[in-house]
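Heads up: the structure comes next, in structure tokens.
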Amino acid sequence: MSPAGQPLVAPASPAHPRSARVRRHHQPCVLRCGDLVLDEARWTVHRAGTLVDLSPTEFRLLACLLRDQGSVLTRAELLERVWGRGYTGQPQVVETYVSYLRRKLHQLGPPLIHTRRGVGYMLRDPALADSAAPAPGGTSSRARGPNVVGSGAGSQNRRAQEAGMDGLILLVFIAALAAFGWTRLRGKMKLGVSGKHWLGPIVIIVIVVLLMWSVHVSH
């Protein structure tokens, strides 16, 4: 009893800061990334509106990746967060369960889980990945688009020009054969025939060549 007659009440000891952090860390919530929704309270995962059946370990691994989406998590970090510090099994279990998640999630939409070789794994929204992915030359894939298309159009033009030249040569050859046949039919192939009898076939060949060349140049 206190001197004033009031009962003494021991002050409540404050919770340990680490315990508070653990409680906040494990507080159930809904995690989202694009069309992927993980509900920790209901223990459910949906991708594009489809329920995905996950094992407890797969669920914890996915939740861990979702909490740090956009950041690369190393194998050691995933082992500690999902399997615990006391885990003494094979570290390759991380790769195994990542492959399980990929097989179940990626069949329902674009890839979500990406590998950073020699570093770890990252979960990223496909929409953000498409808009921010740099091209090898330092520009985005959208910036490279017109150049790639232009290159393809140039190749098609070159192929068309080559095909046009081949067609021109073929037509000249056909015209020469036609002129030769026309001359034979008129009986002008005898020795001593005046050169004026070849004037018609030569004119035909020249006209055909000029016409075809003008068409080729215009294209």
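The values are calculated or read from the model by the stated rules, or taken from the named source; none is laboratory data. Fair warning: this is a prediction, and the values are worked out from it, not measured in the lab. As a convention, Cβ positions derive from the backbone with ideal geometry for all residues, glycine included, and neighbour counts pool all protein chains shown.
Within segment 72-82, identify whether any single residue is closer than 22 Å to Gly34 by Cβ, surrounded by fewer than 17 Cβ atoms within 10 Å (Cβ to Cβ) and at pLDDT 95 or above, and answer yes or no.
Checked segment 72-82: at least one residue is closer than 22 Å to Gly34 by Cβ, surrounded by fewer than 17 Cβ atoms within 10 Å (Cβ to Cβ) and at pLDDT 95 or above.
Of all residues in segment 43-66 being touching a helix residue (DSSP H, G or I) at 6+ places or on another chain (Cβ under 8 Å) and in a strand (DSSP E or B), which is farthest from Leu108 (Cα to Cα)?
Restricting to residues being touching a helix residue (DSSP H, G or I) at 6+ places or on another chain (Cβ under 8 Å) and in a strand (DSSP E or B), the top hit is Val45.
Any chance you could count how many residues in segment 110-129 are of a type in the set (Gly, Ala, Ser) and modelled with pLDDT of 95 or more? Before you say what the answer is, go through the steps one by one.
Narrowing segment 110-129 to residues of a type in the set (Gly, Ala, Ser): 118, 120, 127, 129.
Cutting the leftovers down to modelled with pLDDT of 95 or more gives us 120.
Count: 1.
If you take the residues in segment 67-77 that are out of contact with any Pro (no Cβ under 7 Å at 6 or more places or on another chain) and part of a helix (DSSP H, G or I), which one is nearest to Ile113 (Cα to Cα)?
Going residue by residue through segment 67-77, those that are out of contact with any Pro (no Cβ under 7 Å at 6 or more places or on another chain) are 67-74, 76-77.
From what's left, part of a helix (DSSP H, G or I): 67, 76-77.
Working: Arg67: 13, Ala76: 17, Glu77: 16 Å.
Checking each candidate, the answer is Arg67.
Tell me yes or no: at least one residue of segment 34-42 is β-branched (Val, Ile, Thr), touching a helix residue (DSSP H, G or I) at 6+ places or on another chain (Cβ under 8 Å) and at pLDDT 95 or above. Show your work before the answer.
Initially, segment 34-42 is screened for residues β-branched (Val, Ile, Thr), giving 37.
Cutting the leftovers down to touching a helix residue (DSSP H, G or I) at 6+ places or on another chain (Cβ under 8 Å) gives us none.
Scanning segment 34-42, I find no residue that is β-branched (Val, Ile, Thr), touching a helix residue (DSSP H, G or I) at 6+ places or on another chain (Cβ under 8 Å) and at pLDDT 95 or above, so the answer is no.
When segment 78-95 is examined, which residues are found to be assigned to a helix (DSSP H, G or I) and more than 28 Å from the chain's Cα centre (by Cα)? Lay out the reasoning, then the answer.
Within segment 78-95, the first condition is being assigned to a helix (DSSP H, G or I), and the residues that meet it are 78-83, 93-95.
The answer is Leu79, Glu80, Arg81, Val82, Trp83.
When you scan segment 108-124, do you find a residue that is among the hydrophobic types (A, V, I, L, M, F, W, C), assigned by TED's automatic domain parsing to the domain that holds Cys33 and assigned to a helix (DSSP H, G or I), even just one?
Keep residues of segment 108-124 that are among the hydrophobic types (A, V, I, L, M, F, W, C), which gives 108, 112-113, 119, 122-123.
Checking which are assigned by TED's automatic domain parsing to the domain that holds Cys33 leaves us with 108, 112-113, 119, 122-123.
This time we only want the ones that are assigned to a helix (DSSP H, G or I), so: 108.
Within segment 108-124, one or more residues are among the hydrophobic types (A, V, I, L, M, F, W, C), assigned by TED's automatic domain parsing to the domain that holds Cys33 and assigned to a helix (DSSP H, G or I).
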